[in-house]
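S.K.: The structure under discussion is supplied below as structure tokens; questions concerning it will follow.
The values are calculated or read from the model by the stated rules, or taken from the named source; none is laboratory data. Quick caveat: nothing in here was measured; it's all calculated off a predicted structure. Ideal geometry is used to build each Cβ from the backbone, glycine not excepted, and the neighbour counts take in all protein chains shown. For accessibility, only protein heavy atoms count, side chains too; no ligands or nucleic acids. Shrake-Rupley method; radii C 1.70, N 1.55, O 1.52, S 1.80 Å.
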Amino acid sequence: MCRIGALKSKQYLHPAQALRLMIPQQEGHDNSGFAMVIQDLGGVFGKYKDKPLMSLACTQKGANLVENYMETRGFIQIFEWVPPVNKVAGLDIKAMPHYIYRAYDYPEHYRKASPAAKEDLLLDTRLAVRALLEKDEQGYVYSFWPDVLTLKEIGDPRDIAVYFRLWDETGDMIAKNIVVQCRQNTNYEIVRYAAHPFFIQGYTLCANGENTFYTKNKEYQRSLNKGYIGFESDSQNFLYSLHYVLRTLKWPIKYYKHVITPLPFAEIEKRPDRDVLTLIRQTLGHLEINGPNTIIAMLPDSSMMTCCDSKKLRPVIVGGDGETMAISSEVCGLNTILPHRNKELDVYPGEREIVVVTPELEVQRWKQ
Amino acid sequence: METVRTQDVSVNDLPWKIDWRDERCTMCGSCVAACTFTAIEAAMERRSVTISTGHQPEPAQRHSAVPVIRQRSGTAHICVGCGMCEKVCPNKAIRPVRNEDNRVNLLTRAGGVAIKRGGRNNIMADRVLDKVIVGRISQMTDPSLDSERHTFDVLAPFGRVLLPGELPFTVNGDNLELTAKTPPVHWIYPLIFSDMSVGALSTRAWEAIALATAYLNEKCNIPVRMSSGEGGMPVKLLKSEYLKYMIIQIASGHFGWNRIIKAMPHMVTDPAGILIKIGQGAKPGDGGLLPAAKVAEHIQAIRGVPKADLLSPPNHQGLYSIEESVQKMHMSLNAAFKFRVPVAIKCAASATSVSVYNNLLRDPYYICGGFFIDGLQGGTGAANEVSLDHTGHPVVSKVRECYLAAVKQGRQGQIPLWAGGGIGMTGNAAADAFKLICLGANGVFIGKILIQLLGCVGNERGRCNACNTGLCPTGICTQDPRLVKRLDIDKGAQAIVDYMVAFDQELKKLMAPIGNSSLPVGRSDALVTTDKAVADKLAIQYAC
Ligand code: SF4
Ligand code: SF4
């Protein structure tokens, strides 16, 4: 089972903190990758919070391709950061030649565009860069969004941390929000795009478990948004549905749960809002999910949320001390980084709820 | 010495030969009385017999006239192999035996008349569904469900489903509120008792199915719906509470609709739906036919017609395009019940089904509530044999293609797909239904298997299939009051109820191992096939 987690804090955190959350949860053969999306950045990125930041892992040729492309599109690069990697022999990591983080200014003619138009431009650009890199297998682009950085690699999470000097806590790469996954995968043919967290237009999501409705979800999502592509992992379905329900349909968050794990008809029948729930279930039946899984997501306003499948077949816990809140697969992770928290306030989300940690670090529970 | 006349028809030319054992027969006459086709008769034969009556053997030969049971030769009274003679014989002295060498197909067009019969296709018995199996079984990470204890949502939509963006919702605080009416959608059992008219069926057979429908709904929590078939319904039912379990069919002959319309002001509830029948899988392009022999007095009353051959034209008069069919028929039938009752359409599967479905999907008025595709293995009360055996289209690939056509447009599930024609042909309708649902159907409809449960002895190999004659030996497909009495309504209804209760368990037994609580519509990933061509055509995994 992959371990997933998220940290949300009033202070800037080092990724090492996320590693401390995750590593105690490791069990058995549990080391095929590490990935994180961090948001509300400090350190070297602190000055560029409103500038879209591109996260790339690529070859030299790939880097040039992207540079050319961005230039022709009128994006102006204003900052570039290349993590100083530590090439120790014997590390279990399948490293790419280059990891590049570039912040851009919007093209001239977009400076006064509406936020929605800018957001669509960022999506289109990421998709175009992805296609560009994919064509000659020159690398990967994980996110392109202001104040959001993605790092993913295949290998043992500890070694990946050594490689990227994540233990060093230099203060370069810090953030107030971190969504993270330590990957366990018995499928050795894995591609980097299949590693969570996934990102689209401000929505970040990682999940563990399985989605047995992958095929029908995928078949439906493909026609909903041009950004719903890839489908390297059955967990991308969760992200796309989240994005669709919150951003496209603009429904309140509790309805996400009604879409992915609708109530049985007999229960809907007994509720005062049965008309709405029945319509959701019949219209969005192809977004229903199935199988054991837990989802942890971060929304564009930086709130974090978690929910589970309708049979609650995967664990998850939410807890914290008011300064830092954490969501994680298992309690041992929380005990390591937040041993002093009031454990009585820990929340073990039920199969019929969505738990949200708001930007103010308040915990909200939405019953389905 | 008799002269050989080669053109005479003999019993050996017929599809069934009667195997009669005179040493067992007591000449009670039961078989002759039971044979509705008068295919056998009691006759006298001159026999040479050797008898010995004394204490010592004193064999003596003489000729004497003895009574026998004899099969009639000639084509007017052909034995159909129904086996009623065997069923009634107290001594097991008689039975029909299939005659592989018969020449019946060359003999029965006498007078230049095309062969008509009932039943089903008798030459395309290939079953793709049996080459497909449920191959994705949840085991470790995704545990199987317990089919006995888990709650399953075994329901399918009947009605027009909207796209997400079309839902009339507004956000009020943390809630969504409904701000306008939406098209009616009923969530019903994913199996419909389909379209056999009272007329094609005897009143008793129809009643047995209606009774089973009501019982399944009221006592077994299986919300199955029954389609009336073309030909109306008894007025008493139209005016009763039970109308809510009925889907009323309208076909090209519009039979029965004057009564339905007259009953409308007196209806205490809405029907479950309306089904516009455009075509039928067993005989696509051929209209409906109720032979005069079956137009008894009560049928004349229900349909409002005189005793005559009742022909439904092969097409709906005045419909010249799909667009118009959507607009005119759907609109008027939707309006008839003030847009409270979903209206669906049934077509024979055809090479063109996808175009039809694509057109329906564009339905701008939200008035098409279902597309029923009827495959060539469906049955019928009466048709030309050439239509039965040589026209039609298998349903499986058509359902799949229609579903994938909808997927391409992001419109899957908007107009529910229902598949029929040969469902349960080998006895297990649950397996067929499950596989079709995985391929994209929302539900299935069954007909033939219902009458088989009532006792019909017809099959795909030419047995009986005499539903057009008015002589149905089981009382199912005839209006002859003496024959109809052969059918016990309660026993028949019970057989259907039992089958459906088992069907429900079997469906859950298939949902459980793939870990599904709701119907696996479109879960083609759950299926595998050992036939490469089938895998390619249906876009499912090939396994060997
Ligand atoms: S099998 Fe049927 S048709 Fe044939 S003789 Fe017996 S009762 Fe008559
Ligand atoms: S038993 Fe009756 S319903 Fe069945 S095939 Fe024969 S005539 Fe038709």
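S.K.: To the nearest whole number, what is the average tally of beta carbon atoms from other chains within 10 Å of the beta carbons of peptide A:283-291?
M.R.: Details: counts 12, 5, 9, 6, 1, 4, 0, 9, 6.
Whole-number average of other-chain Cβ neighbours for A:283-291 is 6.
S.K.: Note down the relative contact order for region A:4-367 as a percent, whole number, built from C-alpha pairs under 8 angstrom at least six residues apart. Show your work: numbers first, answer last.
M.R.: Numbers: 756 pairs, mean separation 83.6, N = 364.
Relative contact order of region A:4-367: 23 percent.
S.K.: Would you tell me the mean number of C-beta atoms belonging to other protein chains that fall within 10 Å of each C-beta in A:211-219, as a whole number?
M.R.: Working: counts 1, 11, 8, 2, 8, 11, 1, 2, 10.
Other-chain Cβ atoms within 10 Å of each residue's Cβ, averaged: 6.
S.K.: Restricting to DSSP H runs of at least four residues, report the calculated mean residue ellipticity at 222 nm for chain A, -39500 (n - 2.57) per run over all residues, nearest 500 deg cm²/dmol.
M.R.: Values: 10 runs with 94 residues, N = 368.
One gets -7500 deg cm²/dmol as the mean residue ellipticity at 222 nm.
S.K.: Next question. Contact order normalised by length for chain B, with contacts defined as Cα pairs under 8 Å and 6 or more residues apart; what percent is it?
M.R.: Working: 1186 pairs, mean separation 103.4, N = 544.
With pairs under 8 Å counted, the relative contact order is 19 percent.
S.K.: Now, a different point. Could you rank the peptides B:362-371, A:139-148 by their average count of other C-beta atoms within 10 Å per residue, with the highest value first?
M.R.: A:139-148, B:362-371
S.K.: Be a star and scan region B:64-92 for residues whose amide nitrogen sits under 16 Å from the point 7 Å along the Cα-to-Cβ vector of B:E45.
M.R.: It comes to B:64-74, nothing else.
S.K.: Take every residue in peptide B:350-359, count the Cβ atoms of other chains within 10 Å of its Cβ, and give the average of those counts. Could you put the intermediate results ahead of the total?
M.R.: Working: counts 0, 0, 0, 0, 0, 0, 0, 0, 0, 0.
Average per residue, whole number: 0.
S.K.: Kindly give the semi-axes, whole Å and largest first, of the ellipsoid equivalent to region A:265-360, taking each as the square root of 5 times a Cα gyration tensor eigenvalue.
M.R.: Value: 30, 14, 13 Å, ordered largest first.
S.K.: I'd like the Karplus ³J(HN,Hα) series for region B:452-464: coefficients 6.51, -1.76, 1.60, θ = phi - 60°, whole numbers in Hz, and an x wherever there's a Gly or Pro.
M.R.: So the Karplus estimates, Gly and Pro as x, are 5, 5, 6, x, 4, 9, x, 8, 7, 10, x, 6, 6 Hz.
S.K.: Which residue, A:Y163, B:F169, A:G5, has the largest displacement toward the positive end of the dipole of the protein assembly as shown when charges sit on each Cβ (Lys, Arg +1; Asp, Glu -1)?
M.R.: Value: B:F169.
S.K.: Mind checking which aspartates and glutamates have their Cα closer than 16 Å to the Cα of A:K176? Skip sequence neighbours fewer than 8 apart in that chain.
M.R.: Candidates past the 8-residue exclusion: A:D40, A:D50, A:D147, A:D301, A:D321, A:E323, A:E360, A:E362.
S.K.: Using helices alone, what [θ] at 222 nm do you get for chain B, with -39,500 (n - 2.57) per DSSP H run of 4 or more residues, divided over all residues and rounded to the nearest 500? Could you put the intermediate results ahead of the total?
M.R.: Working: 16 runs with 135 residues, N = 544.
Taking each H run of at least 4 residues, the total per residue is -7000 deg cm²/dmol.
S.K.: Hey, any idea what % of region A:4-367's accessible area is carbon plus sulfur with a 1.4 Å probe? The partial results should precede the final answer.
M.R.: Numbers: 6500 of 13250 Å².
So the carbon and sulfur contribution to the accessible surface is 49 percent.
S.K.: May I ask for the longest run of chain B untouched by GluC sites (Glu not before Pro) that are loop-located per DSSP and have at most 13 neighbouring C-beta atoms (other than their own) within 10 Å?
M.R.: After excluding every exposed loop site, the longest remaining stretch is B:149-544.
S.K.: When you count, for each residue, the other Cβ atoms within 10 Å and take the mean per peptide, how do A:337-350, A:198-211 rank with the highest first?
M.R.: Numbers: A:337-350: 14.2, A:198-211: 24.9.
Per-residue Cβ counts within 10 Å, averaged per peptide and sorted highest first, yield A:198-211, A:337-350.
S.K.: Within region B:60-114, which trypsin sites (Lys or Arg not before Pro) sit in a loop by DSSP and count at most 14 neighbouring Cβ atoms inside 10 Å?
M.R.: Details: sites: B:R62, B:R70, B:R72, B:K87, B:K92, B:R98, B:R103, B:R109; in loops: B:R72, B:K92, B:R103, B:R109.
Of the trypsin sites (Lys or Arg not before Pro), the ones in loops of region B:60-114 whose Cβ has at most 14 other Cβ atoms within 10 Å are B:K92, B:R103, B:R109.
S.K.: Filter the GluC sites (Glu not before Pro) in region A:212-301 down to the DSSP loop ones having no more than 16 other Cβ atoms within 10 Å, then list what survives.
M.R.: Details: sites: A:E219, A:E232, A:E267, A:E269, A:E288; in loops: A:E232, A:E288.
Here the GluC sites (Glu not before Pro) that fit, given the DSSP loop and packing criteria, are A:E232.
S.K.: Quote the charge dipole size of region B:1-158 about the Cα centre in Debye, to the nearest 20; the model charges only the Cβ of Lys and Arg (+1) and of Asp and Glu (-1).
M.R.: Numbers: 22 positive and 18 negative charges, 97 e Å.
Once rounded to the nearest 20, the dipole reads 460 debye.
S.K.: Once both labels are modelled 7 Å past Cα along the beta-carbon direction, what's the B:A335-A:K47 spacing in nm?
M.R.: With each label placed 7 Å out from Cα toward Cβ, I get 7.2 nm.
S.K.: At 1.4 Å probe size, with every protein chain present, just tell me what the per residue accessible area of the protein assembly as shown comes to in Å². It would help to have the intermediate numbers written out before the result.
M.R.: Values: 36970 Å² over 912 residues.
Accessible area per residue: 41 Å².
S.K.: Quick one: pull the percent of accessible area on region B:40-153 belonging to carbon and sulfur, 1.4 Å probe, ligands and nucleic acids left out.
M.R.: Working: 3710 of 7290 Å².
Here carbon and sulfur together make up 51 percent of the probe-accessible area.
S.K.: Quick one: what are the phi-derived ³J(HN,Hα) couplings along region A:228-244, Karplus 6.51/-1.76/1.60 with θ = phi - 60°, whole Hz, x for glycine and proline?
M.R.: Whole-Hz 3J(HN,Hα) from phi for region A:228-244: 7, 10, x, 6, 5, 10, 5, 7, 4, 4, 5, 5, 5, 5, 4, 4, 5.
S.K.: Under 5 Å between amide hydrogens, which residues at least 5 positions from A:S310 or on another chain qualify, with H placed 1.01 Å from N in the peptide plane?
M.R.: Close amide H contacts, sequence-distant or interchain: none at all.
S.K.: Each label point is 7 Å from the Cα along the Cα-to-Cβ direction; what then is the distance between the points at B:A180 and B:A308, in nm?
M.R.: Simple spin-label model gives 4.7 nm for this pair.
S.K.: Can you compute the label reach from A:D346? Point 7 Å from Cα along the Cβ direction, backbone N cut-off under 13 Å, restricted to region A:278-322.
M.R.: A:315-321
S.K.: Computed FRET efficiency, Cβ-Cβ of A:H98 and B:S144, R0 56 Å: what is it to the nearest 0.05? Don't skip to the end; give the middle numbers.
M.R.: On the way: r = 46 Å, r/R0 = 0.82.
Working from the Cβ atoms, E equals 0.75.
S.K.: Taking just the C-alpha trace of region B:139-255, give me its Rg and Dmax in Å.
M.R.: Gyration radius and largest Cα-Cα distance of region B:139-255: 19.3, 58 Å.
S.K.: Which GluC sites (Glu not before Pro) from region A:82-141 combine a DSSP loop assignment with at most 14 other Cβ atoms within 10 Å?
M.R.: Working: sites: A:E108, A:E119, A:E134, A:E137; in loops: A:E137.
Listed in order of number, the matching sites are A:E137.
S.K.: What fraction, in whole percent, of alpha-carbon pairs in chain B exceed 30 Å separation? Could you put the intermediate results ahead of the total?
M.R.: Values: 79551 of 147696 pairs.
That fraction is 54 percent.
S.K.: If you don't mind, there's one more thing I want to ask. Accessible area drop of at least 40 Å² (1.4 Å probe, protein heavy atoms): which residues of region B:499-526 qualify, relative to the chain alone?
M.R.: B:S518, B:R523
S.K.: Along the three principal axes, how long is region A:4-367 when you take its alpha carbons, biggest first, rounded to the nearest angstrom?
M.R.: Its Cα atoms span 60, 47, 39 Å along the three principal axes.
S.K.: From the alpha carbon gyration tensor of the protein assembly as shown, can you work out the equivalent ellipsoid semi-axes (sqrt of 5 times each eigenvalue) and give them in Å, largest to smallest? Intermediate values should be presented prior to the final figure.
M.R.: Working: eigenvalues 940, 167, 120 Å².
Ellipsoid half-lengths, sorted descending, are 69, 29, 25 Å.
S.K.: Then there's this: Compute, for chain B, the length of the dipole vector about the Cα centre, with Cβ point charges of +1 (Lys, Arg) and -1 (Asp, Glu) only. Units Debye, rounded to 20.
M.R.: On the way: 59 positive and 48 negative charges, 179 e Å.
Using only the charged Cβ atoms, the result is roughly 860 debye.
S.K.: Using 7 Å Cα-to-Cβ label points, what is the B:A33/A:A266 separation (nm, one decimal)?
M.R.: 5.1
S.K.: Could you count how many Lys pairs in region A:4-107 have their Cα atoms under 23 Å apart, skipping same-chain pairs fewer than 8 positions apart? Let's see the in-between values first.
M.R.: On the way: A:K8/A:K47; A:K8/A:K49; A:K8/A:K51; A:K10/A:K47; A:K10/A:K49; A:K10/A:K51; A:K61/A:K87; A:K61/A:K94.
Lysine pairs meeting both conditions in region A:4-107 amount to 8.
S.K.: Still on this structure: At a probe of 1.4 Å, how much accessible area disappears from chains B and A on forming the pair, both sides counted, to the nearest 100 Å²? Could the numbers behind the result be given before it?
M.R.: On the way: alone 25170 and 14940 Å², together 36970 Å².
Approximately 3100 Å², summed over both chains.
S.K.: Order these peptides, A:295-302, B:110-117, by their mean beta-carbon neighbour count within 10 angstrom, highest first.
M.R.: Numbers: A:295-302: 21.8, B:110-117: 11.5.
So the order, starting with the most tightly packed, is A:295-302, B:110-117.
S.K.: Counting Lys and Arg as +1 and Asp and Glu as -1, each charge on the Cβ, what is the dipole of the protein assembly as shown about the Cα centre in debye, to the nearest 20? Please list the in-between numbers first.
M.R.: Working: 103 positive and 92 negative charges, 497 e Å.
Dipole size: approximately 2380 debye.
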